[in-house]
1. Which one of these is outside any strand (DSSP E or B) and under 17 Å from residue 282 (Cβ atoms): 306, 328, 332, 341?
2. I'm checking my understanding of the structure. Among residues of region 63-113 that are among the hydroxyl-bearing types (Ser, Thr, Tyr) and within 12 Å of the ligand (Cβ to nearest atom), which one is farthest from residue 325 (Cα to Cα)?
3. Is it true that some residue in region 275-284 is outside any helix (DSSP H, G or I), free of Cβ contacts under 8 Å to residues at least 40 places away in the same chain and under 24 Å from residue 156 (Cβ atoms)?
4. Can you name the residue in region 151-167 that is over 22 Å from residue 217 (Cβ atoms) and in a loop (DSSP other than H, G, I, E, B) and is also farthest from the ligand (Cβ to nearest atom) among such residues?
5. Mind counting the residues in region 268-281 that are more than 23 Å from the chain's Cα centre (by Cα) and either over 16 Å from residue 332 (Cα atoms) or of a type outside the set (Gly, Ala, Ser) (or both)?
6. What about residue 207, is it under 22 Å from the mean Cα position of the chain (by Cα) and farther than 19 Å from residue 88 by Cβ?
7. Being free of Cβ contacts under 8 Å to residues at least 24 places away in the same chain, within 26 Å of residue 152 (Cα to Cα) and part of a helix (DSSP H, G or I), is that true of even one residue in region 241-256?
8. So how many residues does region 114-148 have that are within 22 Å of residue 219 (Cβ to Cβ), touching a residue at least 40 places away in the same chain (Cβ under 8 Å) and within 16 Å of the ligand (Cβ to nearest atom)?
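The values are calculated or read from the model by the stated rules, or taken from the named source; none is laboratory data. No experiment lies behind these values; they were computed from the predicted model shown. Neighbour counts run over all protein chains shown; Cβ positions are idealised from the backbone, glycine included.
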Amino acid sequence: MPHTLKLDSPSIFIGKQGNGVISFGSGQPDLPPPKEAIEGIDIRKDLRYGLIQGERSLREALSKEYPNSTAENFVITNGASEALDLIFRAWGKGKVLLPRPYYYSYPPIIKLAGMEPVYTDLVGGRIDLDDFKKKIKKCRAVLINSPSNPTGRIELIETLKEIERITSKLGVYVVSDEVYKDLIYERENYHIQGDHVITVNSFSKTYAMCGVRVGYLWSSDQSIADKVIELKTHTSMNTNLVGQDMALRAMAAPREYILNQQQIWRGRRDLIYKGISELGFEVWKPEGAFYILPKCKNAREFLTTLYCDYKVIAYLGEWFGAPDHIRLSYALDAKEIEEGLGRITEAMKKVRCL
Ligand SMILES: Cc1ncc(COP(=O)(O)O)c(C=O)c1O
């Protein structure tokens, strides 16, 4: 009897591990956090309520990383996820332009906030400026994610500058989700700037601290922080203080921590990109983050076979607005990536996916 799997959402796979499973699903770094993040933590002083905006020491440390920012401009949140949720809920109406494929949580976050996503499809893995220019005029904001989950692509610097310029002229906000900004292996990135920009970031990926749930937003438009603080006061209140303490300590880790990680990710990218391409899949080469999005026919059947017969987890492109694709995360060590590629090769004998 053929297997059936209810592939409605990534939640069926999130947290699944052990028992011989190879998961190309989760966007969780498998590398350890910096030792500085954990050493010397004393949780006894972190058992009270904290400032809704976030601990001043952490905001001050962050403001040193972003030119023209002050501690007042930051709000520390439960991961980048809460930052995004609060930003859109603070607006509550209007359209948001979303490059597609997108991180799967973007459309639900935007819709739950009462806003409407409008899509612009990537061409060759990059934003199509002509389509962008047509659609942006009717929008209140655009959500940019470079490097991107799920494509692993980085937008061209000229494109990011053009987006910065056009949106500034039109008075459209840019929400720049930069959770992968430190995971780049091809070239420099460009951080969109200006009073109309809200930068979102997190300690989840750079410092391998996903479960600690510390992220932040900042904008030089102080009214954004004020609105978000008001919402947060009546919802989650302060972000967990132990986590903020860990985040502050992580920032004191030597730069080598991040540089070493980049080298490891680059090696894994090379391995999976070569393996997936040699198997015949059509795919954009990832330049950052740790995801790859190959084209795949019969993606539901292939994913079901991979999981049920070969204990391999991969995510459905459909969840990211990319039907006929699958998304693989390479947050796995090289041995597991090789084993996983071997199992994919076997599954390809059962399901026609090219
Ligand atoms: C593009 C993107 N933004 C935000 C998040 C959420 O990150 P956090 O753990 O900081 O909530 C993720 C997680 O995978 C992501 O890929």
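1. Details: 306 fails: under 17 Å from residue 282 (Cβ atoms); 328 fails: outside any strand (DSSP E or B); 332 fails: under 17 Å from residue 282 (Cβ atoms).
The unique qualifying residue is 341.
2. The extreme case among them is 77.
3. Of all residues in region 275-284, those outside any helix (DSSP H, G or I) come to 279-284.
This time we only want the ones that are free of Cβ contacts under 8 Å to residues at least 40 places away in the same chain, so: 282-283.
If we keep only those that are under 24 Å from residue 156 (Cβ atoms) too, we end up with 282-283.
Yes - at least one qualifying residue is present in region 275-284.
4. Selected residue: 156.
5. Number of matching residues: 6.
6. yes
7. Within region 241-256 (the criterion being free of Cβ contacts under 8 Å to residues at least 24 places away in the same chain, within 26 Å of residue 152 (Cα to Cα) and part of a helix (DSSP H, G or I)), the answer is yes, since at least one residue qualifies.
8. Here the count works out to 8.
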